[in-house]
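Enquirer: Below is a structure I'd like to ask you about.
The values are calculated or read from the model by the stated rules, or taken from the named source; none is laboratory data. These numbers were taken from a predicted model, which means no experiment stands behind them. As a convention, Cβ positions derive from the backbone with ideal geometry for all residues, glycine included, and neighbour counts pool all protein chains shown.
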Amino acid sequence: MFRNKKRQQQASKNKDPKTIGDVLDHLGKSRDFVHFQHGNTHFSCWISYFRTLIDIDYVHRDVFPFLYSDSIRNMADIKDQLPLEKLIQTKDIHEIQSKLLEGYIIIQKDERSPECLIVPSVKIQGRQIEKSEVETSIIGPKETFVESIDTNINLIRKRIPVPQLTLKEIRVGKLSRTQVGIIYIDGIASEENVNTVLQRIQSLEVASLIDATMLALMITDNNWTIFPQFTDTERPDRVSGAVYEGKIAVLVDGSPNALILPSTIVEFFAAFDDYFLPWNISSAYRLLRLFAVALSALSSSLYVALLTYHYQLLPKDLLGSLISSRSSVPFDPVMEVLILEVMIELLREAGARLPTKVGQTIGIVGGIVIGTATVQAGLSSNILLIIIAMSALAAFITPNYRMATTIRFIRFPFIISAQMFGLLGIGMCFTYFVTHLIRLTSLGRPYIEPIFPFRASDLKDAFIRLPFQLQNSRPMFLRPGDPARMNTTRTSQEKGKKSPDIDE
């Protein structure tokens with residue numbers, strides 16, 4: 001084992017370039033690497049770049065014409081007269097290699113000269129800003145993040161035009177060198193939270209980083225839980241609102257999602273559209289989502305428990321309907337439930353993996369055909385089919401996809417517990433999940449706050465959303481530097497002013 005580790009370390013040392021010649025020889029093995037001599041009658045230089053990484057039109061329009069000029073006689077003239085910003089002159093072999101792989105051009109006086117002039121010419125290619133496909137919005141902003149981190153930062157900065165908005169950049173990945181941006185408002189975000197995020201990201205030792213969701217799984221507090229501990233979103237308006245509250249946003253270059261941290265469990269059931277509706281309507285929708293979560297998680301297990309152990313609790317009329325609907329079913333209630341639950345998950349997974357139009361057709365037609373055929377074949381009762389359909393619909397009400405996936409998964413432990421111990425098993429399973437949630441933290445902060453620890457001030461925007469006039473302070477669990485969100489106090493003159501009569 002130790003010999004293999006030493007061999008790997010020795011191999012990695014041998015791969016590191018020691019001279020500019022090693023860099024050019026190694027990169028020259030790729031067919032898209034260009035290395036040629038260029039210049040005028042008084043001065044010539046060597047130019048190297050990856051043609052697939054640079055903007056060819058930009059280079060031929062703004063870089064090469066200046067090198068043909070007779071006023072260029074040395075490298076200093078190039079640096080002085082080239083009308084470009086961020087020109088770098090260096091002998092650092094690792095920086096030269098890194099810049100070449102990022103889409104820069106290097107200019108050398110001689111073919112093997114160790115000193116190079118690095119010219120920015122990165123080809124920016126990506127999709128345009130579009131409407132949200134995952135977090136759809138009926139009212140409110142429609143913009144979403146894209147795969148370019150600079151564009152995403154622009155979308156946030158134009159919503160938070162304050163000098164206190166701070167951006168920290170870190171490179172993650174030994175091979176990928178992925179750019180990660182940490183955004184927060186200095187003076188509002190807790191310094192402890194900011195330092196924790198920076199420390200966790202800087203301590204990562206990985207080969208590559210592809211997406212923000214991968215980063216969330218790497219820096220999470222608990223790697224064994226099925227509950228998401230950080231909120232991921234594709235909406236810049238939601239990120240801006242969270243940063244204004246005192247939270248921290250993390251962006252990853254190449255990822256169309258941003259991470260919001262820390263997060264609490266109640267935030268996963270709050271849609272951002274709630275803030276564009278009257279407070280009583282949005283509160284009703286939040287309560288509806290919480291009811292849907294309970295229905296999705298417990299309906300199937302209650303069916304198993306009642307029919308297996310506690311059929312005495314059912315009304316006689318309902319019990320008669322259940323008995324008649326299950327008269328031709330050859331399976332126990334638990335097998336009947338598991339067959340339909342697995343079938344629903346197969347249809348959902350097939351609809352998600354297939355192309356959009358085909359997936360929608362499979363989901364609708366497959367659900368109708370298979371459900372009808374299952375009942376007619378006597379493999380399931382029609383009452384259970386209604387319960388499973390309601391449970392599946394209730395799971396899709398959850399605004400956050402990751403939390404919706406978790407809710408669909410926890411149905412199965414409840415079903416198994418109901419088969420083993422009936423209602424007692426459901427209670428034991430519920431106690432386990434509640435205990436697990438109490439122990440969870442997000443960036444060191446309580447996960448089920450404001451329930452535990454109980455904070456009445458943070459309940460104003462939890463299960464219900466009270467009017468904005470009553471939300472005059474930021475969430476206490478964030479430990480914000482400035483706890484005041486808005487000033488709702490009126491001057492004494494305004495308080496003593498008499499309101500006009502209706503006919504005045």
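Enquirer: Restricting the search to the stretch 137-161, which residues are among the charged types (D, E, K, R), part of a loop (DSSP other than H, G, I, E, B) and surrounded by fewer than 17 Cβ atoms within 10 Å (Cβ to Cβ)?
Expert: Within the stretch 137-161, Lys142, Glu147, Lys158 qualify.
Enquirer: Hey, another quick one. Kindly indicate whether any position in the stretch 128-137 is more than 21 Å from Pro399 (Cβ to Cβ), of a type outside the set (A, V, I, L, M) and out of contact with any Asp or Glu (no Cβ under 8 Å at 6 or more places or on another chain).
Expert: yes
Enquirer: Of the conditions (1) touching a residue at least 40 places away in the same chain (Cβ under 8 Å); (2) within 30 Å of Asn280 (Cα to Cα); (3) buried (at least 16 other Cβ atoms within 10 Å of the Cβ), Ser417 fails just one. Which one is it?
Expert: It fails just one condition, (2).
Enquirer: Turning to a different aspect of this structure: List pairs: first residue in the stretch 66-83 and closer than 17 Å to Cys116 by Cβ, second residue basic (Lys, Arg) and in a loop (DSSP other than H, G, I, E, B) anywhere in the structure, Cβ distance under 9 angstrom, at least six positions apart or on different chains.
Expert: Asn74/Lys109; Met75/Lys109
Enquirer: Still on this model: If a residue has to be in contact with a strand residue (DSSP E or B) (Cβ under 8 Å, 6 or more places away or on another chain) and surrounded by 14 or more Cβ atoms within 10 Å (Cβ to Cβ) to count, how many in the stretch 168-198 make the cut?
Expert: Final tally of qualifying residues: 18.
Enquirer: Somewhere in the stretch 128-136, is a residue of a type in the set (Asp, Glu), loosely packed, with under 13 Cβ neighbours inside 10 Å, under 16 Å from Lys247 (Cα atoms) and not assigned by TED's automatic domain parsing to the domain that holds Val34?
Expert: No: zero hits.
Enquirer: While we're on this one: Residue by residue through the stretch 67-89, note down the ones that are over 16 Å from Tyr49 (Cβ atoms) and not charged (D, E, K, R).
Expert: Tyr68, Ser69, Ser71, Ile72, Asn74, Met75, Ala76, Gln81, Pro83, Gln89
Enquirer: Now, a different point. In contact with a helix residue (DSSP H, G or I) (Cβ under 7 Å, 6 or more places away or on another chain) and closer than 27 Å to Ile426 by Cβ: which single residue out of Ile260, Ile265 fits that description?
Expert: Going through Ile260, Ile265 in turn, the sole match is Ile265.
Enquirer: Sticking with this one: Under the condition of being over 31 Å from the mean Cα position of the chain (by Cα), of a type in the set (S, T, N, Q) and under 19 Å from Ala389 (Cα atoms), which residue from the stretch 279-322 is surrounded by the most Cβ atoms within 10 Å (Cβ to Cβ)?
Expert: Ser301
Enquirer: For the stretch 421-465, which residues satisfy the criterion of being under 25 Å from the mean Cα position of the chain (by Cα), small (Gly, Ala, Ser) and outside any loop (DSSP other than H, G, I, E, B)?
Expert: Ser442
Enquirer: Is it fair to say Gln469 is outside any loop (DSSP other than H, G, I, E, B), surrounded by fewer than 14 Cβ atoms within 10 Å (Cβ to Cβ), modelled with pLDDT of 85 or more and more than 29 Å from the chain's Cα centre (by Cα)?
Expert: Yes, satisfied.
Enquirer: Could you list, in sequence order, all residues of the stretch 271-288 that are modelled with pLDDT under 90 and either within 18 Å of Thr406 (Cβ to Cβ) or part of a helix (DSSP H, G or I) (or both)?
Expert: Listed by number, the residues that qualify are Ala271, Phe272, Asp273, Asp274, Tyr275, Phe276.
Enquirer: Also: Only one residue in Glu341, Glu336, Glu345 is touching a Ser or Thr at 6+ places or on another chain (Cβ under 7 Å) and farther than 10 Å from Ser380 by Cα. Which one?
Expert: Within the list Glu341, Glu336, Glu345, the selection yields Glu341.
Enquirer: Does the stretch 118-126 contain at least one residue that is over 30 Å from Asp22 (Cβ atoms) and surrounded by fewer than 14 Cβ atoms within 10 Å (Cβ to Cβ)?
Expert: Checked the stretch 118-126: at least one residue is over 30 Å from Asp22 (Cβ atoms) and surrounded by fewer than 14 Cβ atoms within 10 Å (Cβ to Cβ).
Enquirer: Across the stretch 6-24, what is the number of residues that are loosely packed, with under 13 Cβ neighbours inside 10 Å and either modelled with pLDDT of 90 or more or of a type in the set (Val, Ile, Thr) (or both)?
Expert: Counting residues in the stretch 6-24 that are loosely packed, with under 13 Cβ neighbours inside 10 Å and either modelled with pLDDT of 90 or more or of a type in the set (Val, Ile, Thr) (or both) gives 1.
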